[in-house]
Amino acid sequence: MTLKLSKRSEIVKYSPIREIFDLASKTPGLTRLEVGQPDFAPPQYIREASQRAINGGAIGYSPTNGLQETREAISNRLKLDYNLEYDPNKEIVVTVGASGALYLSLRALIDPGDEVLRPNPGFATYDEIIKDADGVPKQYPLLPDADFSIDFEALKALITDRTKAILINSPGNPVGNVLDQEQLEKLMDIAEEHDLIILSDEAYDKIIFDQKHIPIATLTCDKARVLTIGSSSKNYAMTGYRIGFAAGDSKLIGEIVKFQSLSMICPSFIGQKSYTAALNGPQDDTIAMKDEYLRRRDYFVDALNKIPGFKCFKPGGAFYAFVDVSAVSEDDWNFTRELISEAKVTCIPGSSFGSVGKGYVRFSFATSLETLEEGIGKLNDYIKSIK
Ligand SMILES: Cc1ncc(COP(=O)(O)O)c(C=O)c1O
């Protein structure tokens, strides 16, 4: 038969950086600095909880909104860490990662043609999940010359009567920028003035170095104004468990639960048991991982800035170094290809995160100090060789 795919299949695209992964997979001897996931194993106490869940045998579906104990653990941690109050019975849903929360919340919020603002540079997946919900992504720029803070004039200029939501991400991927109180207050003012919902992707909230994380939900009493999205993936090195959550207005949470029931039924039972233990347990391992990322950041960013022609922003959170390489290459895609084939180091082209990322590349420091040192050695040699 002739396969007739949907219009949606044409509109929603795979990430173009698949080309980079393909090239990397065919190139031997690479120092892998593109990987966006923790290099740590999940802490022992979490793995023990996974084993207990398996040995208990009763591994079935959970309620569609997640296990009661997991929702309670999320609620308790939000209260303990940020003094946020969410009712575990109706204002929290456990999801398949932050990705699940983002995907389903857009299903619940967006009508065809509704516009969603997202940071530029920002997590490239945002555009495609907005499009998959029949929405229109609009990219608001961050300002490289002002510590990648939000260009509020440009953001305001993007708002139309079709704008429904502002997506924010702090600490942010790919830059590691952190939204401070002032920026968050400005965002809240804009959201209130134009009656927009803020979707706050806080997947990296525990990987923050120089200041305290401020959830934007702490700046309003209106539950409907913010959907807080969290994840087990980065904070607890639990990427493969696929567990995250959304916390917000009960009506919106109810809709997310409905769409989850249609698509995933529920998140993984073992994942939820493990995340419950992660949240309720001592947070020492999470702090130790953050301290190690900090040690790596301090070494890596300093070393990158010593490479002639490289200029790297000092990230306040997450585990990425976003480097301006425009002094050594006119094209970040070509430069990435050259680094892979010539220098034998992988990275991600900055423009894949949005137009502001043109001339940049993203390295990850979610890898050992030895690997970072090896990468720095290769980058130095390569830059010398092309001068
Ligand atoms: C900013 C951001 N949000 C969400 C995700 C997805 O996280 P999860 O594993 O919880 O789906 C990622 C993963 O890299 C990310 O960088």
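The values are calculated or read from the model by the stated rules, or taken from the named source; none is laboratory data. All figures in this text were calculated on a predicted structure; none of them were measured in a lab. Quick reminder, even Gly has a Cβ in these numbers, built from the backbone with ideal geometry, and neighbours come from all protein chains shown.
Answer yes or no: is there a residue in segment 187-206 that is away from the ligand (no atom under 16 Å from the Cβ), among the hydrophobic types (A, V, I, L, M, F, W, C), in contact (Cβ under 8 Å) with a residue 12 or more places away in the chain and under 30 Å from ILE270 (Cα atoms). Steps first, please.
Restricting attention to segment 187-206, the residues satisfying the condition of being away from the ligand (no atom under 16 Å from the Cβ) are 187-197.
Among the residues that remain, those that are also among the hydrophobic types (A, V, I, L, M, F, W, C) are: 187-188, 190-191, 196-197.
Still in the running and in contact (Cβ under 8 Å) with a residue 12 or more places away in the chain: 187-188, 190-191, 196-197.
Right, trim to under 30 Å from ILE270 (Cα atoms) and you get none.
Within segment 187-206, none of the residues are away from the ligand (no atom under 16 Å from the Cβ), among the hydrophobic types (A, V, I, L, M, F, W, C), in contact (Cβ under 8 Å) with a residue 12 or more places away in the chain and under 30 Å from ILE270 (Cα atoms).
Among the residues of segment 58-89, write down those that are touching a residue at least 24 places away in the same chain (Cβ under 8 Å) and among the aliphatic types (A, V, I, L, M).
ILE59, LEU67, ALA73, ILE74, LEU78, LEU84
Name the residues in segment 219-248 that are within 8 Å of the ligand (Cβ to nearest atom) and polar (S, T, N, Q), would you?
Of everything in segment 219-248, those that are within 8 Å of the ligand (Cβ to nearest atom) and polar (S, T, N, Q) turn out to be SER231, SER232, SER233, THR239.
For every residue, the table says whether it meets (1) among the acidic types (Asp, Glu); (2) more than 25 Å from SER261 (Cβ to Cβ); (3) touching an Asp or Glu at 6+ places or on another chain (Cβ under 9 Å); (4) assigned by TED's automatic domain parsing to the domain that holds GLU370.
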position: LYS13; (1), (2), (3), (4): no, yes, yes, yes
position: ARG18; (1), (2), (3), (4): no, yes, no, yes
position: LEU23; (1), (2), (3), (4): no, yes, no, yes
position: LEU30; (1), (2), (3), (4): no, yes, no, yes
position: GLU48; (1), (2), (3), (4): yes, yes, no, no
position: ARG52; (1), (2), (3), (4): no, yes, no, no
position: GLY60; (1), (2), (3), (4): no, no, no, no
position: PRO63; (1), (2), (3), (4): no, no, no, no
position: GLN68; (1), (2), (3), (4): no, no, no, no
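Tell me which strands (runs of 3 or more DSSP E) are completely within segment 67-145 and hold 2 or more residues being more than 25 Å from ALA237 (Cβ to Cβ), or say none if there are none. Write out each step before concluding.
Numbers: elements: 92-95, 115-120, 136-143.
Where strands (runs of 3 or more DSSP E) fall fully within segment 67-145 and carry at least 2 residues being more than 25 Å from ALA237 (Cβ to Cβ), they are 115-120, 136-143.
I'm checking my understanding of the structure. Among residues of segment 206-234 that are surrounded by 24 or more Cβ atoms within 10 Å (Cβ to Cβ) and not aliphatic (A, V, I, L, M), which one is farthest from ASP285 (Cα to Cα)?
Among those residues, the one meeting the criterion is THR228.
If the requirement is being surrounded by 15 or more Cβ atoms within 10 Å (Cβ to Cβ), more than 19 Å from the chain's Cα centre (by Cα) and among the charged types (D, E, K, R), which of these qualifies: ASP151, ASP161, ASP111, ASP189?
On the way: ASP161 fails: surrounded by 15 or more Cβ atoms within 10 Å (Cβ to Cβ); ASP111 fails: surrounded by 15 or more Cβ atoms within 10 Å (Cβ to Cβ); ASP189 fails: surrounded by 15 or more Cβ atoms within 10 Å (Cβ to Cβ).
Going through ASP151, ASP161, ASP111, ASP189 in turn, the sole match is ASP151.
Need at least 1 residues that are more than 29 Å from THR160 (Cβ to Cβ) and of a type in the set (Ser, Thr, Tyr) per element, so show me which strands (runs of 3 or more DSSP E) inside segment 195-270 make the cut, counting only ones lying wholly within it.
Values: elements: 197-201, 226-231, 244-247.
The qualifying strands (runs of 3 or more DSSP E) are 226-231.
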